[in-house]
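Inspection log for the structure reproduced underneath, given as structure tokens.
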Amino acid sequence: MFFQKIITILSENWQMFLRGAAMTLYISVIGTIFGFIIGLVVGVIRTIPIPERGWRKPLLKVINWLLSAYVEFFRGTPMMVQAMVIYYGSAEALGIDMDRYAAAIFIVSINTGAYMAEIVRGGIISIDKGQFEAAHAIGMNHFQTMVYVVMPQVIRNILPATGNEFVINIKDTSVLNVISVSELFFTTKSIAGSTFIFYPPFFIACLIYFIMTFTVTRILRLIEKKLDGPENFILAGNQMQVARPEDMIRKNS
Amino acid sequence: METIIEIQHLSKTFGTNEVLRDIDFSVKKGEVVCIIGSSGSGKSTLLRCINLLEKPSGGRIIYRGEDILDEKHDIHAYRTKLGMVFQQFNLFNNYNVLGNCIVGQMKVLKRSREEATKVAMKYLKVVGMDQYINAKPRQLSGGQKQRVAIARALSMEPDVMLFDEPTSALDPEMVGEVLKVMKELAELGLTMLIVTHEMGFARDVADRVVFMDQGVIVEEGPPEQVLLNPVQERTREFLSRTLNQL
Ligand SMILES: Nc1ncnc2c1ncn2[C@@H]1O[C@H](COP(=O)(O)OP(=O)(O)O)[C@@H](O)[C@H]1O
Ligand SMILES: [Mg+2]
């Protein structure tokens, strides 16, 4: 009975579910990527050592203050309310007719950026001081030290936290239904509204959300493994003795 | 012989703590200088001031006739002339052994990858780590890490090598392999400034031994003099304390 209902609803509305899921995935992927980039930039700027004197000192202080205001504000208010303020605010107060999808991506991005900025900053602070010193000792400046030594390690270390943000985004894009973005929750609501059947469509949505978050988690785990490289290393000049048969075949073919 | 680094009236304070006081000191080309002294006497701070990891509070550091504390001086270019080896190795965790030895050459000295690799391999051979180019730092023993760190510093082809207690973080059985490498470098004629607690090594390898206590240089001279017939009472006390521990 229950399954029958589910199958009927799926067969009649699968395109809408799929479109909703695709929109959810689209907004959360783009939002996470932009948020990640924002977080990297903000986190890196916030950890620039403040010089003792010169014009850069006050400039950096002002920038740091603005960035920490950004982080605090977006972490301290619900995304649903931000969506209302930004989307309707831009229309009513500024007279800008924002595309609701652009608004959606914008909101998710700056939200993720605020969280990622703190994650990145924490990641930079937790890198051993010796890594910075060794880089400086071979003549790298702060920028080179960050790009070639520190950030690669930070990015590796914050990958799990980034995956976590991604999963949160997949789930939290559902609040964007308040500005009528047709993501999965919004489409499910429409299906329920047009059929007057409620829990089976939402049950389906539930499953789709889970499949998305679960898959994403697994993929990220794989990427982490890949980045860590092999457990063992091969002595140079010794490859032949430890090459696997598969490698030999590939080489000979 | 040509003086490479000359330090004049160097001082360093952390807050109200006077860690270095009026240090006068120089290193000549090809010289091996060992700095000894008890923990907290300011040996690391002196080394870190020389390559500007710490900003000196006063005094001058003259490198080949140029005052490097001058505002206009390019400290990054200066640092490439000094190779630093740390107690804690500080290999870059995101690179394998070869990567550690070429990243500075490529990004700072702007050498091509081929050239950097050639130079790195030469020095990895010197320290006996050329077979391990694919290994990540976490896959190496302490002694191996330190030898790679030495090769990384050498790959920049510096004028002077600075060692800050290079064997103090090592298990006893690995101390020998690192000291052996350093001895070979000394025989190759490298200019080296070494903070160490290895008195035997200092006696065998140093051209000059410097004894520091409470932020000042108490005594310096050839190893036979400072280690065997010290003039100063404080040096004698320190030596009898360290030798008793053996
Ligand atoms: N970054 C720092 N801030 C404050 N005090 C420091 C710092 N680095 C070193 N000191 C102090 O300077 C003194 C000398 O330290 P150090 O040069 O490391 O001695 P050594 O290497 O001879 O053991 C110690 O009293 C230490 O506590
Ligand atoms: Mg020390």
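Couple of notes before you dig in:
- Note on A:124-134: average number of Cβ atoms from other chains within 10 Å of each residue's Cβ is 4.
- Per residue, chain A reaches -25500 deg cm²/dmol at 222 nm when only DSSP H runs of four or more residues are counted, each adding -39500 (n - 2.57).
- Two-site FRET efficiency, B:E220 against A:W55, from Cβ-Cβ distance with R₀ of 56 Å, rounded to 0.05: 0.80
- Remark: segment A:7-60 projects, on average over all directions, an area of 5.1 nm² (convex hull of Cα atoms).
- Within 10 Å of each Cβ in B:45-56, the average number of Cβ atoms from other chains: 1
- Projected label distance in nm at B:S26 and A:L235, using a 7 Å step from Cα toward the beta-carbon: 4.8
- For the residues of B:132-140, the average number of beta carbons from a partner chain within 10 Å of their own beta carbon is 4.
- Among B:H197, B:H9, sorting on how many other beta-carbon atoms sit within 10 Å of each Cβ, with the fewest leading, yields B:H9, B:H197.
- Cα→Cβ-extended label distance, 7 Å offset, between B:R138 and B:S11, nm: 4.6
- Residue pairs exceeding 18 angstrom between C-alpha atoms, taken from A:K226/B:K136; B:K28/B:K180; B:K29/B:K118; B:K110/B:K136; B:K81/B:K107; A:K129/B:K55: B:K28/B:K180; B:K29/B:K118; B:K110/B:K136.
- Proportion of all alpha-carbon pairs of chain A beyond 26 Å (%): 57
- A Förster distance of 25 Å, applied to the separation of the beta-carbon atoms of A:V147 and B:E114, puts the FRET efficiency at 0.70.
- Axis angle, to the nearest 10 degrees, between helix B:172-187 and the longest C-alpha principal axis of chain B: 90 degrees.
- Cα-based values for segment A:9-107, radius of gyration first and Dmax second, are 19.0, 69 Å.
- Between B:D74 and A:I48, the modelled label-to-label distance comes to 2.1 nm, taking each label 7 Å out from Cα in the direction of the beta carbon.
- Quarter of Cα convex hull surface for chain B, i.e. mean projection, nm²: 13.6
- Share antiparallel - DSSP beta bridges, the protein assembly as shown, percent rounded to 5: 55
- Sum of side-chain charges, A:G139 neighbourhood, beta-carbon under 13 Å (Lys, Arg +1; Asp, Glu -1): +2
- Once exposed loop GluC sites (Glu not before Pro) are cut out (DSSP; at most 16 other Cβ, 10 Å), longest piece of chain A: A:53-230
- Per the Debye calculation on the protein assembly as shown with a single equal scatterer at every Cα and no solvent contribution, log₁₀ I(q)/I(0) for q = 0.07 Å⁻¹ amounts to -0.56.
- Centre-to-centre separation between the Cα atoms of segment A:126-205 and those of segment B:36-68: 45 Å.
- Two-site FRET efficiency, A:Y88 against A:C206, from Cβ-Cβ distance with R₀ of 51 Å, rounded to 0.05: 0.95
Values in this text are rule-based calculations from the coordinates and carry no lab data. Since this is a predicted model, take the numbers as computed values, not measurements. FYI the Cβ positions are ideal-geometry reconstructions off the backbone, even for glycines, and counts take in every protein chain you see.
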